[in-house]
Amino acid sequence: MTSILYIGGTGTISAACVRRSIALGHDVTVLNRGGARRPIPAEVELVQADIRDADGVRAALGDRRFDVVAQFLAFTPEHIATDLRLFEGRTGQYIFISSASAYQKPPRRVPVTESTPLRNPFWQYSRDKIACEDVLVAAYRERGLPVTIVRPSHTYDERLLPTLGGWTDIARMRAGRPVVIHGDGTSLWTITHSDDFAVAFTGLLGNPAAIGEAFTITGTHAPTWNQIYGWLAEAAGVADPDFVHVASETIAAFAPDLGPGLLGDKAHSMVFDSSKVTELVPEFRTTITFDEGARRILAYYDAHPEAQSDDEGRDAVFDRIAAHARSAAGAA
């Protein structure tokens, strides 16, 4: 039985991995600070501590060792440095969740593979993930740290809407108001359900062939953004949605908070070669495509009205963006 410490364990991706680990018979411990975003299975041992408080983590875990430490909550090199002080020498495998957004943007060629350079001049989040990887790779080379790096792309579950506005976009669709889609909506976007991701991820746990390696974990499902929004509209019961296509740069100018993730990731067609992880985990494949995913998302939100958070600020920005785009189109 493999003993696994999940740091996080209740997020979009990590909750699915915890469930899969339990199903596989692993001995699972989850460390988080409480206020779980998703339910923690009864079979899991919960250790309540804040990973940003190293002394608190030491007190909570004592001298325990784990076969695997899976880190879902490290975003800066400082976070990694703390982890190395806490866990180096106490685990047979340290798995770091990086991001496929770290790959070269714009991509010079697709499909993207693990050998694609890591460079993202648009998004600090991605540059920080790259810096984390640099620390871990150096530790592997210099001291033999048993590290595995995992790079997910857009991974979702029934609670995570993949659009620019989240629930605000669904509310706008249902009200017959314009919904902004970046670009012309034809770029390809790989989108992976967390349950599928978990199959590949748990297949790497305790796997000696994964040590010192990096793996992209995405499915093979890469619809266009027009399809993604269209499936959501269909699931929301909207027969004729009012979609407005706007250049990504224009959206970023109106909504600077959207700019880094848009220009540094979603604006580009992103298709990945997942053959490296499939070689180690041959059962990994796409089983949930987004037409089904959209139905699950809308079923969840319609059953949980308290989750239907409409962002008034974002709503107003989308009105301005749509009006600007239609005015510009009319003047052309």
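The values are calculated or read from the model by the stated rules, or taken from the named source; none is laboratory data. All of these numbers come straight from a predicted model, not from anything done at the bench. Cβ atoms come from the backbone with ideal geometry, glycine included; neighbour counts cover every protein chain shown.
Can you tell me how many residues in region 18-48 are at positive phi and either in contact (Cβ under 8 Å) with a residue 12 or more places away in the chain or touching a Pro at 6+ places or on another chain (Cβ under 8 Å) (or both)? Outline the logic, then answer.
Going through region 18-48, the residues at positive phi turn out to be 25, 34-35.
Pick out the ones that are also either in contact (Cβ under 8 Å) with a residue 12 or more places away in the chain or touching a Pro at 6+ places or on another chain (Cβ under 8 Å) (or both) and you get 25, 34.
Of the residues in region 18-48, 2 are at positive phi and either in contact (Cβ under 8 Å) with a residue 12 or more places away in the chain or touching a Pro at 6+ places or on another chain (Cβ under 8 Å) (or both).
Any residue at all in region 216-233 that is modelled with pLDDT under 95, under 25 Å from residue 103 (Cβ atoms) and in contact with a strand residue (DSSP E or B) (Cβ under 7 Å, 6 or more places away or on another chain)?
Within region 216-233, one or more residues are modelled with pLDDT under 95, under 25 Å from residue 103 (Cβ atoms) and in contact with a strand residue (DSSP E or B) (Cβ under 7 Å, 6 or more places away or on another chain).
If you check residue 242 against the conditions, is it surrounded by 15 or more Cβ atoms within 10 Å (Cβ to Cβ) and of a type in the set (Asp, Glu)? Spell out the reasoning first.
Values: surrounded by 15 or more Cβ atoms within 10 Å (Cβ to Cβ): no; of a type in the set (Asp, Glu): yes.
Taking the combined requirement at face value, the residue does not satisfy it.
Before we move on, is residue 185 closer than 30 Å to residue 282 by Cα, over 19 Å from the mean Cα position of the chain (by Cα) and either not in a helix (DSSP H, G or I) or not charged (D, E, K, R) (or both)? Please lay out each step first, then the result.
Values: closer than 30 Å to residue 282 by Cα: no; over 19 Å from the mean Cα position of the chain (by Cα): yes; either not in a helix (DSSP H, G or I) or not charged (D, E, K, R) (or both): yes.
No: the conditions fail for residue 185.
Could you grab me the full set of residues in region 2-17 that are closer than 14 Å to residue 95 by Cα and either in a helix (DSSP H, G or I) or without any contact (Cβ under 8 Å) to a residue 24 or more places away in the chain (or both)?
Passing the criteria: 13, 14, 17.
Which residue is farthest from the chain's Cα centre (by Cα), if the candidates are limited to region 18-48 and must be within 23 Å of residue 148 (Cβ to Cβ) and part of a loop (DSSP other than H, G, I, E, B)? Break it down into steps so the answer makes sense when it comes.
Step one: of region 18-48, the residues within 23 Å of residue 148 (Cβ to Cβ) are 18-32, 44-45, 47.
Restricting the remaining residues to those that are part of a loop (DSSP other than H, G, I, E, B) gives 24-26, 44.
Values: 24: 23, 25: 25, 26: 23, 44: 23 Å.
Restricting to residues being within 23 Å of residue 148 (Cβ to Cβ) and part of a loop (DSSP other than H, G, I, E, B), the top hit is 25.
Can you name the number of the only condition in (1) surrounded by 15 or more Cβ atoms within 10 Å (Cβ to Cβ); (2) modelled with pLDDT of 95 or more that residue 117 fails?
(1) is the only condition that residue 117 fails.
If we only count helices (runs of 4 or more DSSP H) wholly inside region 246-332, which ones have 2 or more residues that are farther than 20 Å from residue 190 by Cα, of a type outside the set (A, V, I, L, M) and in contact with a strand residue (DSSP E or B) (Cβ under 8 Å, 6 or more places away or on another chain)?
Numbers: elements: 248-254, 275-280, 290-303, 312-331.
Hits in region 246-332: 312-331.
Only one of these conditions is not met by residue 114: (1) in contact with a Lys or Arg (Cβ under 7 Å, 6 or more places away or on another chain); (2) closer than 30 Å to residue 269 by Cβ; (3) free of Cβ contacts under 8 Å to residues at least 40 places away in the same chain; (4) not small (Gly, Ala, Ser). Which number is it?
It fails just one condition, (3).
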